[in-house]
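Heads up, the thing below is written out as structure tokens.
Throughout, read-outs are computed from the coordinates displayed, never taken from laboratory work. Only a predicted model underlies this, so the values are computations on that prediction, with no experimental measurement involved. Glycine gets a Cβ as well: all are built from the backbone with ideal geometry, and neighbour counts include every protein chain shown.
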Amino acid sequence: MLDQATLTKINRFIQNMPPLPTTVSKVLEIARNPKADAKELNNVISLDPVLTGKVLKLINSAYYSLPNQITSIVRAIIMLGINTVKNLVLSTAVISNVKNKNNFNSLDMEAFWRHSICVGVISKSFALKQNIDSKVVEEYFVAGLLHDIGKIPLNSVIPEDYLKAITYSHQNKVSLIDTETKMFDINHSDLGFRIAELWKLNKNLTDAIRYHHNIDEADAENKKFVATISLANIVTNSIEIGFSGDKHPEKKEEDIFNIIGLKWTDIYDAEETAANALKKAEIFLNIIE
């Protein structure tokens with residue numbers, strides 16, 4: 001168990017994490033309005049030249065593979081949809097806030113983000129298998145990208161202890177979250193929830209971050225969403241793409257199948273396509289650095 005001084009350092013680290021820019025908060029607010037239009041969103045994004053540049057660069061990248069170059073934010077929003085652009089803006093802001101090598105003293109930064117991207121890619125694949133509305137599929141990618149955000153305070157504040165937890169988990173073939181809870185009396189899902197609350201992320205993303213290891217605790221309306229992210233995390237760990245410290249994830253596939261209606265063949269399909277999809281998705285990370 002961590003002493004009070006260390007817990008205070010972890011809490012201080014979270015409280016000192018940069019807030020999401022005002023621009024992002026405004027974009028999220030507009031996107032929540034069902035009557036919002038592309039021009040209204042453009043009026044906010046265009047006030048931030050750095051964000052404008054990143055969004056246009058991303059939209060014109062191989063990540064979306066659009067046939068013609070887009071130079072207008074309004075046109076991009078119309079083509080991609082408000083929800084997709086919202087998630088691009090949110091991901092850009094969040095990753096820019098935490099993608100700092102000083103935050104990765106025990107886990108390797110590139111391996112961590114490679115894992116996170118793969119969870120996003122597979123989450124999106126599973127969403128498509130469930131015939132989820134195309135307007136919200138991109139949110140599955142964002143949830144996968146952010147699901148382990150709570151590991152960053154542990155990685156930064158107690159790197160030696162966290163490395164011991166990772167080693168113990170590996171040697172004893174138990175899940176990392178159970179090891180964290182046993183050794184620290186807190187875990188990355190707890191801390192991720194605090195970060196999500198600080199950044200005022202929506203309920204879907206917050207629940208995915210908080211409950212991807214404890215699906216039963218998620219609200220009924222978000223359980224399928226959370227279960228999808230959880231399954232993608234299990235698959236990514238099992239095929240060892242990237243590394244976020246967990247070599248022995250929980251074996252909950254059959255339970256999750258009952259929640260979201262997928263089957264083993266869907267996992268095999270996702271595994272086969274993950275490598276190629278990951279190469280494409282890594283473009284995303286390179287652009288928003």
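Quick notes
- The calculated FRET efficiency for the pair Lys9 and Glu110, based on their C-beta separation and a Förster distance of 25 Å, comes to about 0.45.
- Added length on full extension, which subtracts the Cα-Cα distance from 0.36 nm per residue, Asp190 to Thr22: 57.9 nm
- Dividing the summed -39500 (n - 2.57) terms of all DSSP H runs of n ≥ 4 by the residue count of the chain sets its mean residue ellipticity at 222 nm at -21500 deg cm²/dmol.
- P(r) of region 18-62 over all Cα-Cα pairs, binned every 10 Å from zero, in whole percent: 26, 52, 22, 0
- Isotropically averaged projected area of region 136-289, using the convex hull of Cα atoms (one quarter of hull area), nm²: 9.5
- One chain, two ends: Ser65 and Asn100. Fully extended at 0.36 nm per residue, the span grows by 9.7 nm beyond their Cα-Cα distance.
- Reachable aspartates and glutamates from Lys86, criterion Cα separation under 17 angstrom, eight or more residues apart if same chain: Glu29, Asp37, Glu40, Asp48, Asp133, Glu138, Glu139
- Working from label points 7 Å from Cα in the Cα-to-Cβ sense, the Lys182 to Arg32 distance is 4.1 nm.
- Label separation (Phe257 vs Asp133): 3.0 nm, computed from points 7 Å beyond Cα along the C-beta direction.
- The residue among Thr179, Ile132, Ser116 whose Cα reaches farthest toward the positive pole of the charge dipole of region 89-213, with charges on the beta-carbon of Lys, Arg, Asp and Glu, is Ile132.
- Residue with peak Gaussian network fluctuation, the chain [Cα springs, cutoff 10 Å], from Leu56, Leu47, Leu20: Leu47
- Flagged links, alpha-carbon separation over 24 Å, of Lys124/Lys252; Lys124/Lys224; Lys39/Lys129; Lys26/Lys101: Lys39/Lys129; Lys26/Lys101
- If R0 is 30 Å, the Cβ-Cβ spacing of Leu47 and Ser238 corresponds to a FRET efficiency of close to 0.10.
- Extended-chain gain in nm, criterion 0.36 nm per residue less alpha-carbon gap, Asn202 and Glu271: 22.0 nm
- Label point 7 Å beyond Cα of Trp264 along Cβ direction - residues of region 113-150 with amide nitrogen under 13 Å: none
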